[in-house]
There are 4 protein chains.
Amino acid sequence: MIVTMKADAKAREISDVINKVRANGYDPRLSECDGGTIIGLVGESATPLRVEDYQEMPGVARAERVKSGYKLVSRAFHPRDSKVPLNGCYMGDNKVLVIAGPCSVESRTQIIEAACAVKEAGATALRGGAFKPRTSPYSFQGHGEKGLQWLAEAREVSGLPIVTEVMEPGLVPMVAQYADVLQIGARNMQNFPLLNAAGESQHTVLLKRGMSATITDLLMAAEYILACGNERVMICERGIRTFETSTRFTFDLNAIPMLKSLSHLPVVADPSHGIGIRQHVESVAKAAVAAGADGLILEVHEDPDHAMSDGQQSLTFDGFKTLMENVRRVAEAVGRTA
Amino acid sequence: MIVTMKADAKAREISDVINKVRANGYDPRLSECDGGTIIGLVGESATPLRVEDYQEMPGVARAERVKSGYKLVSRAFHPRDSKVPLNGCYMGDNKVLVIAGPCSVESRTQIIEAACAVKEAGATALRGGAFKPRTSPYSFQGHGEKGLQWLAEAREVSGLPIVTEVMEPGLVPMVAQYADVLQIGARNMQNFPLLNAAGESQHTVLLKRGMSATITDLLMAAEYILACGNERVMICERGIRTFETSTRFTFDLNAIPMLKSLSHLPVVADPSHGIGIRQHVESVAKAAVAAGADGLILEVHEDPDHAMSDGQQSLTFDGFKTLMENVRRVAEAVGRTA
Amino acid sequence: MIVTMKADAKAREISDVINKVRANGYDPRLSECDGGTIIGLVGESATPLRVEDYQEMPGVARAERVKSGYKLVSRAFHPRDSKVPLNGCYMGDNKVLVIAGPCSVESRTQIIEAACAVKEAGATALRGGAFKPRTSPYSFQGHGEKGLQWLAEAREVSGLPIVTEVMEPGLVPMVAQYADVLQIGARNMQNFPLLNAAGESQHTVLLKRGMSATITDLLMAAEYILACGNERVMICERGIRTFETSTRFTFDLNAIPMLKSLSHLPVVADPSHGIGIRQHVESVAKAAVAAGADGLILEVHEDPDHAMSDGQQSLTFDGFKTLMENVRRVAEAVGRTA
Amino acid sequence: MIVTMKADAKAREISDVINKVRANGYDPRLSECDGGTIIGLVGESATPLRVEDYQEMPGVARAERVKSGYKLVSRAFHPRDSKVPLNGCYMGDNKVLVIAGPCSVESRTQIIEAACAVKEAGATALRGGAFKPRTSPYSFQGHGEKGLQWLAEAREVSGLPIVTEVMEPGLVPMVAQYADVLQIGARNMQNFPLLNAAGESQHTVLLKRGMSATITDLLMAAEYILACGNERVMICERGIRTFETSTRFTFDLNAIPMLKSLSHLPVVADPSHGIGIRQHVESVAKAAVAAGADGLILEVHEDPDHAMSDGQQSLTFDGFKTLMENVRRVAEAVGRTA
């Protein structure tokens, strides 16, 4: 249930509602909008909730059941866009922010050079995988903590914050020591212990949509993180699995306006995985921004044909520079900057 | 097989190749590019083709087997963009052309008013269904020939050419009497007798992708029409079926750059069916143009909530006007007009 | 709306209901079950229907709105299994009936030999395509009417009735002259003019599920045929399109019990297309029968590796014989014969 | 690469191959078949492998590269069916083994009663979740270790071994103290740290297919476990995500014969999740056995309508008893017992 207080509700009336929520065995979560207070009831309790009980309390504008299953991530609970701080800017603000870098951290030199190149072209953050989820146990699995250290050096040199994947709950504290943003990958979108660990870390999280997750599933997964009191979450469309085989995944463009209307969280698009073919990444990136994405995450590699992973979808440094210029024009056409 | 002649090949050398193709039992199709001639071998024959036989002929730059199955629609056969005439402009040219109007022709007044409204907002052509493919036999099936007559009146009044669906081969001649562009709907994309009839009509065709058709399937379906000698074909992405249920279909944004790179045919996007939710149609339209679509086809209705079909995805006249302005800005950002 | 009369309703009460249906502008369709009469209201009318008006009439057990969209194909309208006559047996009866033969009719000899071979192994009907829907315009499209004549000869020799595809409404009368069962293929499941033509022919129809059609879509397509007064319809699960690429299609086993519970029509399974790999066709066939399929349709070819179409999924004559024996055992295990 | 030795290869020849594998920096894995030895090369090395180098060694029948990406799970490496011990029987043996029980362990009494009921009806093992992966953070998440203790009591009383889910690598040792079989759920199929932890535990694993995992992905995930030296793995088809919405998932029947032909691992089917509708679970179960499944895993609940999870797809005790009888008949029809 979500209880919206009147704009002129008194502090006493708000605390009465909060106390009733607690008395009923639920956890009250507060959100502000245009001076008004919104109270979400979270958790489980043996006490069944009745809308009427709250509806009639002094100062309450309305009480509504949540049909969608998610609460804290919904627009109903938090009507205005959330803004997640990133490198002095905010993901979810007017400027479209770009996270770029190689799929895998391959060497110290490689990641430092990539950081400088994407920084110069206008990226706001650096991506790079130190722990790589790979379909085959015999594929390169990443350099682990050494990779994280190289990422930290690249941050030192370039000034760009680091976005990197964490694959298991037990490693969240260690990865969080190095990373500015914890990425939860598509294959782990419903790894609930990992979502809880990321939530409890209070670290910024980039949550990617699973390849067969519905939009509702994605919002529910984000809800796990917010339910831990961590509101710094960006959600990412990165392509879903369909019958089409000429592209790596099917980038679900529709998900962008849908997520923006259902949730207040910033929405990032991943054109690299979304189409999986280098020459077409820019088209998808421009489309995502035209459709309302708040940010992009892109794979960029000094020499994509010799990358240790995802080379066929990685942009060259030059390709990334051109993309940034072209994306900027589209961003301006929809009233934003980039 | 596709045989590309050298730019300085002599007329005699070209005719020698053509004669050899005929002698082998195939039908030669010619295409020009930058002064050079490209010859496609079409049809079936008992004579197996050998690349070497053609490769070595005087004036031949190269002979290649076609792995994709389609020939005449491919970039290999026709390297430059095809341009299909529409109302004094060309679909496939720099200007993004917009086809707009109601899902169904409901009455004489309705279609005339819609025609004038979309014309004023900048549409290049009028859409409207007189024969409606409906999942249920008990749903409104369209006004048939009477609807076509009303469309013709709307053209008279507005000056907009008519795009309307034809559902069976036997009706192609009748529909072609009224329509400027024959639309072949998603459910009929692999209705091969219909493709042949549309091809033989030599009328302009708008071919929509089937909801479970791959990009290759769509190009193969277009090949049926071109194989009849009819090159005035536009292909249309309109959303595919996936597991996602919060939108009507999943608009396959990737298909736009893919189709543009594999084929020379102009690519039209249908955001109305692609997402199926009125408030998000504009986002998808802008994205499609940003990704390189040559045109848009959009459902617009005077009073969408009382439309006889597809009301939930139809724009109001005002909504369409706003969309046109916003799409124009995106078109300009990618170096086009609209 | 569907009106179920009481078992002891008087003839007068039934005719009163029928008259009211007509007065309301609908077409009454009758079905019998255990002595009781069920009346379905079909068609469109300006008169809104009210359940109460019928509910209160003498002799009426209950009146219900139909939420599913289909009526005549539903169990609510026709509670008992429909049985469609085929070669002295009935599809939908206890015996599992098998339709077998080559994908395409390739020659007179080929189809006669195939007919005799499948007859001997226990098939009830012969399949073979004279008109072939092919993804590419350059693939073999079938022998047309000559193929139908060869099929008729094969029937003469073997005694097996013929199941063959018709692809366009204009050819229904001609194909119906030769065929015992008109097959409507997956690509034409929503070719509504074809469904109407097949319905009006009053010929037995085998309707295949489209590769992206939901179970509801399939039942709606069948409803088109029944709405023409033609009740001799078999519906066929033949595999849907999914992300899985190691098989040609994904055989939707679930569809068998679903269709049997939602509809009274006999359900046929097509393991050949459903998996697309010869060595596994028998496993799928046994599974389909175990799940409740009333019949099977199978591709069988004298020399599959040299078939003009679908060779990789066609059984040899020996393979078909073995399959029949093994399917028979499974049929007996679920209380049927084969 | 996989090296197959001749049946009469000498011990010396085998050890020469093994030494060469090690010298090349790979890990040799041995498998026996009909007296012959097969050697799989596992791991990563800077040394490129050359087939010729092994092909020419004395005693080698053939050396082949593995195109599929998986080795240890493949039929090429291990031609005969693997048999995984379970309660005095073997999964993968002639007898079809059934694992049954509630979705969630709800109480001590509930799980003990369920264990006795499914034992009496013929189940070989007891399923029940103590840690529940739930889409919503507000749904019941399981009783955790207390649930495992109740499961252990149920084993004590019934004699049935326990199959239960583990969701994070850090909990594998604890869950393995109680469970006989570690279940890795669909959402965790590509949770690679969990696969590694389960592999290293050397505990029997039931690995469920992800809802958008291809058959190849599933075999690759199993390869992770076998690469840890743990061969006691059963793989489970439980339904995939498709566009069909009338069933919870689409049970991929094709996967059963495909997995049996590509891999030696025993294949279990989960009809409960595969269709998600109680009344149709038996049809799917019979089909799975007819298609060659080695085992079934089924949800059974004393009072499904009041279950804390998955009630709509859980069988009653009586329903399970009837299913067992009917499945037994199908098993016998395909030459097995149950």
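Where a number appears in this text, it was derived from the coordinates with a stated rule and is not lab data. Predicted model only: the values in this text are computed from it and were never measured. Please note: Cβ atoms are built from the backbone with ideal geometry, for glycine as well, and neighbour counts cover all protein chains shown.
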Residues of type aspartates and glutamates that B:Lys20 reaches as a straight line, Cα spacing below 18 Å, ignoring anything fewer than 8 places off in the same chain
B:Glu44, B:Glu52, B:Asp53, B:Glu56, B:Glu64
Label points for A:Asp16 built 7 Å along Cα→Cβ; distances to same position in the other copies, nm, shortest first, come to 5.9, 9.3, 10.0
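Mean shadow of the protein assembly as shown, computed from the convex hull of its alpha carbons, in nm²?
53.7
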Report, to two decimal places, the Cα Rg of region B:1-116 normalised by 2.2 N^0.38 Å (N = number of residues).
1.54
Rounded to a whole number, the mean other protein chain Cβ count within 10 angstrom for residues of C:277-289 is 6
A convex hull over the alpha carbons of region A:277-318 yields, per residue, a volume in Å³ of 68
When only Cα pairs under 8 Å and 6 or more residues apart are kept, what is the percent relative contact order across chain B?
16
Label points for C:Gly311 built 7 Å along Cα→Cβ; distances to same position in the other copies, nm, shortest first, come to 3.7, 5.6, 5.7
What percentages, rounded to whole numbers, describe P(r) for region B:4-70 computed over all alpha carbon pairs with 10 Å bin width beginning at zero?
21, 58, 20, 1
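From largest to smallest, what semi-axes in whole angstrom does chain D give when each is the square root of 5 times an eigenvalue of its alpha carbon gyration tensor?
38, 21, 18
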GNM flexibility winner over chain B from B:His280, B:His264, B:His203 (Cα, springs under 10 Å):
B:His280
Please rank A:Cys33, A:Cys236, fewest neighbouring Cβ atoms within 10 Å first, as an exposure proxy.
A:Cys33, A:Cys236
How tilted is helix A:145-158 with respect to the longest principal axis of chain A? Cα atoms for both, answer in degrees (0 to 90, nearest 10).
90
Longest principal axis of chain D (C-alpha) makes with the long axis of helix D:317-333 (C-alpha) an angle, in degrees to the nearest 10, of 40
Between the helical axis of D:215-227 and the dominant principal axis of chain D, each derived from Cα atoms, what acute angle in degrees is found, rounded to the nearest 10?
70
Taking amide H positions as placed in the peptide plane 1.01 Å from N, state which residues far from D:Gln183 in sequence (5 or more) or on other chains have amide H under 5 Å from it.
D:Thr164, D:Glu165, D:Val166, D:Leu206
Cβ neighbours within 10 Å from other chains - mean over C:257-267:
2
Which value, in Å³ per residue, describes the convex hull spanned by the Cα atoms of region B:52-163?
175
Calculated Rg and Dmax of region D:38-78 using C-alpha coordinates, Å:
10.8, 27
I want the antiparallel fraction of DSSP beta bridges within chain A, as a percent rounded to 5.
40
Tabulate in residue order the Karplus-calculated ³J(HN,Hα) for region D:67-76, using 6.51 cos²θ - 1.76 cosθ + 1.60 with θ = phi - 60°, rounded to whole Hz; enter x for Gly and Pro.
7, 6, x, 9, 10, 5, 8, 7, 5, 4
Most mobile listed residue (A:Thr216, A:Thr135, A:Thr242) in chain A, GNM with C-alpha springs under 10 Å
A:Thr135
Considering the rotation that carries chain B onto chain C, locate the chain B residue whose Cβ comes closest to its axis and report the distance in whole Å.
B:Ser212, 1
Computed ³J(HN,Hα) along region A:21-35: with the Karplus parameters 6.51/-1.76/1.60, θ = phi - 60°, integer Hz and x for glycine or proline, the list is 4, 5, 4, 7, x, 10, 9, x, 10, 9, 9, 10, 8, 6, x
Please list, ordered by chain and number, the residues whose modelled amide H lies under 5 Å from the amide H of A:Val60; skip anything fewer than 5 residues away on the same chain.
A:Lys6
Would you mind computing the Rg to Rh ratio of region D:233-338 from its alpha-carbon coordinates, Kirkwood style for Rh?
0.97
Whole-Å semi-axes of region D:114-161's equivalent ellipsoid (Cα gyration tensor):
24, 12, 7
List the relative contact order of region A:174-290 as a percent without decimals, with contacts defined as Cα pairs under 8 Å and 6+ residues apart.
20
List the distances, in nm and shortest first, from the label point of C:Ala152 to the matching label points in every other copy, placing each point 7 Å from Cα along the Cα-to-Cβ direction.
4.0, 7.9, 8.6
Find the relative contact order for region A:259-308 and round it to a whole percent, using C-alpha pairs within less than 8 Å whose residues are 6+ positions apart.
40
Listed residue pairs exceeding 26 Å between alpha carbons, taken from A:Lys208/D:Lys208; A:Lys95/A:Lys208; C:Lys10/C:Lys95; B:Lys260/B:Lys286
C:Lys10/C:Lys95
So what are the three principal axis dimensions of region C:144-190 from its Cα atoms, in whole Å, longest to shortest?
35, 17, 13
What percent of all Cα-Cα pairs in region D:173-267 falls into each 10 Å bin, going from 0 up to the bin containing the maximum distance?
17, 49, 26, 7, 0
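Let me know the mean shielding of A:184-192 by other chains, meaning the per-residue number of their Cβ atoms within 10 Å of its Cβ.
Across A:184-192, the average partner-chain Cβ count within 10 Å equals 6.
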Would you mind checking which residues have amide H under 5 Å from C:Val300's amide H? H placed 1.01 Å from N; only 5 or more apart, or other chain.
C:Gly101, C:Cys103, C:Leu315
